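Notes follow once the structure below has been shown.
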Amino acid sequence: MKTVMGIINLQEDNSLIRDLTSRRAVESIPFAGRYRLIDFTLSSMVNSSISCVGIMLPDKPRSVLDHLRSGKDWDLARRHDGLFYLPAPQQEDMNRKGDLKNFYHNLDFFEHSSQRYVLLTSGSFVYNVDFSQLLRFHQNTNADITVIYNTASEEAHGKNVVIETAENGLVTDIAEKPAVYDGTQVSTNVYLMEKRIFVEMIRYTYEHGGQDFLIDGIIRRAAEYNIYGFEHDGYVAHVDSTAAYYKANMDILQPEVWEELFMGQHPVYTKVKDEVPVQYKETAKVKNSLIANGCIVRGEVENSILFRGVKVAEGVKIKNSIIMQKCDIQEGSLLENVICDKNVIISKEKWLKGAANYPLIVTKNVVI
């Protein structure tokens with residue numbers, strides 16, 4: 001995989017998850033107790049021996065830069081290759097919408113790289129993929145573009161890229177749809193192609209008025225390319241809405257999902273923080289929950305995820321909820337189907353309850 005350059009495109013539509021992205025990019029949303037969403041794609045690249053990774057920065061890059069830093073925690077702080085940040089164009093170039101302008105303004109980075117292939121991904125998917133298998137499939141089929149897809153097991157809504165394939169994997173149709181159903185082949189927004197095809201696609205599409213890489217570069221020009229689909233039959237979640245974020249975190253509490261993502265041969269790396277172990281006091285009762293280091297638990301926690309440094313006082317009941325870093329849940333409070341962003345304080349005797357399919361969100365730094 002030394003011949004492959006990884007690109008993580010962080011230009012994401014956050015219209016359905018604004019409550020959690022007002023101060024951060026989608027890819028830097030905390031996930032599963034100690035991770036950020038971008039960790040899964042970046043770790044899959046590193047585990048596949050990709051040593052050159054470019055990050056297409058979003059409009060609000062501070063949270064991404066703070067999390068990734070030099071890339072040391074992913075072994076990407078290197079003298080040669082390593083982690084590269086590709087900034088968005090200046091304000092005067094913002095008359096064109098979409099992500100294509102970002103690729104176009106960074107063409108020199110792609111053209112001067114030594115790698116032969118480009119692996120283009122999104123940072124808002126949760127999976128653990130060995131991309132070396134994708135490269136072998138791509139080379140064996142002589143494809144121009146190979147896309148990784150997952151077969152949906154249930155109905156889902158959002159901006160989904162759906163494909164249809166022949167028996168040999170050749171893509172016969174590719175389209176964007178607002179809903180998918182059981183058995184639908186859904187793209188994971190992972191595209192492998194030779195660098196010359198990638199550069200030509202960006203230059204031609206942008207100079208002919210295109211705005212979106214996927215829509216204008218791939219879908220509308222699909223007939224010009226030999227596109228194949230490669231199936232990933234493991235767990236996949238696309239976090240593009242608040243409901244999807246909540247569901248994906250709840251999925252992590254299932255042992256089979258947790259084991260697939262975190263207990264296999266390919267670990268998921270993240271920014272290292274040294275914290276003391278969890279303190280479970282005498283009054284603590286915890287069931288089917290994920291509790292990160294630094295937490296102090298005196299109350300009851302069921303089917304929930306607590307991030308680093310959360311304090312749960314005596315008499316508190318937390319159920320089916322996600323409590324992010326440094327939250328303080330004080331005596332007698334009840335939280336069910338709730339997402340608390342970082343540094344939230346829930347004062348004594350407060351009861352908060354959302355719906356199972358529509359959780360209540362408490363935004364960052366709020367005191368209730």
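Looking only at segment 40-74, residues that are within 18 Å of GLN265 (Cα to Cα) and free of Cβ contacts under 8 Å to residues at least 40 places away in the same chain come to 0 in all.
Output the residues belonging to segment 111-120 that are out of contact with any strand residue (DSSP E or B) (no Cβ under 7 Å at 6 or more places or on another chain) and either of a type in the set (Gly, Ala, Ser) or open to solvent by less than 10 Å² (accessible area, probe 1.4 Å) (or both). Quick ask: steps written out before the conclusion?
Taking segment 111-120 as the starting set, the residues that turn out to be out of contact with any strand residue (DSSP E or B) (no Cβ under 7 Å at 6 or more places or on another chain) are 111-112, 114.
Of everything in segment 111-120, just one residue is out of contact with any strand residue (DSSP E or B) (no Cβ under 7 Å at 6 or more places or on another chain) and either of a type in the set (Gly, Ala, Ser) or open to solvent by less than 10 Å² (accessible area, probe 1.4 Å) (or both), namely SER114.
Based on this model, can you work out whether THR21 counts as under 27 Å from ILE215 (Cα atoms), at pLDDT below 95 and open to solvent by less than 10 Å² (accessible area, probe 1.4 Å)? So THR21 passes the test.
Quick check, is ASP240 within 25 Å of PHE262 (Cβ to Cβ), in a loop (DSSP other than H, G, I, E, B), open to solvent by 30 Å² or more (accessible area, probe 1.4 Å) and touching a residue at least 60 places away in the same chain (Cβ under 8 Å)? So that I can check it myself, show each step before the final result.
Details: within 25 Å of PHE262 (Cβ to Cβ): yes; in a loop (DSSP other than H, G, I, E, B): yes; open to solvent by 30 Å² or more (accessible area, probe 1.4 Å): no; touching a residue at least 60 places away in the same chain (Cβ under 8 Å): yes.
When the stated conditions are applied, ASP240 does not pass them.
Quick one: is GLU154 within 24 Å of the chain's Cα centre (by Cα), within 29 Å of SER43 (Cβ to Cβ), in a loop (DSSP other than H, G, I, E, B) and of a type in the set (Asp, Glu)?
On the way: within 24 Å of the chain's Cα centre (by Cα): yes; within 29 Å of SER43 (Cβ to Cβ): yes; in a loop (DSSP other than H, G, I, E, B): yes; of a type in the set (Asp, Glu): yes.
Yes: the conditions hold for GLU154.
Scanning segment 255-279 for residues that are open to solvent by less than 70 Å² (accessible area, probe 1.4 Å) and assigned to a loop (DSSP other than H, G, I, E, B), we see that the one that is farthest from TRP74 (Cα to Cα) is VAL278.
Given the condition open to solvent by 30 Å² or more (accessible area, probe 1.4 Å), assigned to a loop (DSSP other than H, G, I, E, B) and either of a type outside the set (Phe, Trp, Tyr) or closer than 10 Å to VAL147 by Cβ (or both), answer yes or no: does some residue in segment 185-198 qualify?
In the first step, residues of segment 185-198 are kept if they are open to solvent by 30 Å² or more (accessible area, probe 1.4 Å); the result is 185, 189, 194-196.
Imposing the further condition that a residue be assigned to a loop (DSSP other than H, G, I, E, B) reduces the set to none.
Scanning segment 185-198 turns up no residue that is open to solvent by 30 Å² or more (accessible area, probe 1.4 Å), assigned to a loop (DSSP other than H, G, I, E, B) and either of a type outside the set (Phe, Trp, Tyr) or closer than 10 Å to VAL147 by Cβ (or both).
Of the residues that sit in segment 142-156 and are in contact (Cβ under 8 Å) with a residue 60 or more places away in the chain and open to solvent by 50 Å² or more (accessible area, probe 1.4 Å), which one is nearest to GLU224 (Cα to Cα)? That would be ASN142. Right, SER70: more than 17 Å from the chain's Cα centre (by Cα), among the small types (Gly, Ala, Ser) and over 28 Å from THR21 (Cα atoms) or not? Judged against the criteria, SER70 is not a match. Residues that are farther than 20 Å from VAL190 by Cβ and crowded, with 24+ Cβ neighbours inside 10 Å within segment 31-62 comprise just one, ALA32. Just so you know, in segment 352-368 the residues that are assigned to a strand (DSSP E or B), over 20 Å from LYS287 (Cα atoms) and open to solvent by 50 Å² or more (accessible area, probe 1.4 Å) include one that is modelled with the lowest pLDDT, and it is TYR358.
Please note which strands (runs of 3 or more DSSP E) are completely contained in segment 284-348 and include at least 1 residues that are open to solvent by 10 Å² or more (accessible area, probe 1.4 Å).
Counting at least 1 such residues, we get 285-287, 300-302, 317-319, 334-336.
Go through the residues of segment 76-92 one by one and say whether even a single one is open to solvent by 40 Å² or more (accessible area, probe 1.4 Å), small (Gly, Ala, Ser) and within 25 Å of LYS247 (Cα to Cα). Explain how you work it out, then say what you get.
Step one: filter segment 76-92 for residues open to solvent by 40 Å² or more (accessible area, probe 1.4 Å), giving 77-81, 84-85, 87, 90-92.
Filter once more, keeping what is small (Gly, Ala, Ser): 77.
Next, only the ones that are within 25 Å of LYS247 (Cα to Cα) stay: none.
No, segment 76-92 has no match at all.
Within segment 123-133, one or more residues are at pLDDT 95 or above, assigned to a strand (DSSP E or B), among the β-branched types (Val, Ile, Thr) and open to solvent by less than 50 Å² (accessible area, probe 1.4 Å).
Residues in segment 157-170 that are crowded, with 16+ Cβ neighbours inside 10 Å and of a type in the set (S, T, N, Q): ASN160, THR165.
Of note, LYS177 satisfies the criterion of being at pLDDT below 95, surrounded by fewer than 20 Cβ atoms within 10 Å (Cβ to Cβ) and charged (D, E, K, R).
The values are calculated or read from the model by the stated rules, or taken from the named source; none is laboratory data. It should be emphasised that the depicted structure is a prediction, and the values quoted were computed from it without experimental measurement. Backbone-built Cβ (ideal geometry, glycine too); neighbour counts: all protein chains shown. What goes into the accessible areas is simple: the full protein's heavy atoms, side chains included, and nothing from ligands, DNA or RNA. Shrake-Rupley method; radii C 1.70, N 1.55, O 1.52, S 1.80 Å.
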